[in-house]
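Following: one structure in structure tokens, then a few remarks.
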Amino acid sequence: MALSPGDSPGFLLWHTTLRWQRDIATALAPLGLTHVQFVLLACTWWLNTQGEHPNQQALARQAGTDVKMTSQVLRTLEHKGLIEREVDPADTRAKRLRVTETGADLAPRAIAAAERTDAQFFQPVPLDEAVSLLGRLAHPET
């Protein structure tokens with residue numbers, strides 16, 4: 001028997017994701033970042049704080065983004081003065097990423113805005129339950 005749209009987990013997930021993406025976009029707009037720009041800036045910032053200077057491929061892997069799209073968005077972040085791409089001395093084809101001082105100031109503020117949005121969005125569900133469910137869906141092999 002076919003499910004109605006309201007009984008379809010995939011359909012509900014689609015609508016939930018769209019609503020969450022709209023909320024995140026609204027929270028990040030005053031900071032001048034799109035959602036993808038935020039994810040790549042935040043991941044680069046976090047990796048830098050861990051003593052790592054990832055190349056574009058490693059960042060794409062960390063963020064779960066397409067490598068070509070990552071490169072395009074990084075060009076935008078570089079143009080905005082938020083990151084620097086430097087040639088890797090060990091592999092001149094690769095670019096190492098470093099958040100600028102401006103990017104290092106913006107990243108934690110953007111993360112805080114996203115976290116506030118997440119807290120409000122997921123408020124109807126206990127946080128540990130939401131994280132557990134989403135973790136199982138994102139990484140079914142673990």
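Nothing in this text is a laboratory measurement; each read-out follows from the coordinates by a stated rule. Predicted model, so just to flag it, every value in this text is computed and none were measured.
If one takes the longest principal axis of the Cα atoms in the chain, at what angle in degrees, from 0 to 90 and to the nearest 10, does the Cα axis of helix 9-28 lie? Relative to the chain, helix 9-28 is tipped by roughly 40 degrees. Hull volume per residue, based on the alpha-carbon atoms of the stretch 15-54 and their convex hull, is 72 Å³.
Compared with the alpha-carbon gap, the fully stretched path from R19 to D7 is longer by 2.5 nm at 0.36 nm per residue. The long axis of helix 101-121 is offset from the longest Cα principal axis of the chain by roughly 0 degrees. Rounded to the nearest 10 degrees, the inclination of helix 35-49 to the longest alpha-carbon principal axis of the chain is 60 degrees.
Set the Cα radius of gyration of the stretch 34-138 against 2.2 N^0.38 Å, with N its number of residues, and you get 1.18.
Only Cα pairs under 8 Å and at least 6 apart count here; give the relative contact order of the chain as a rounded whole percent. Reported relative contact order: 23 percent.
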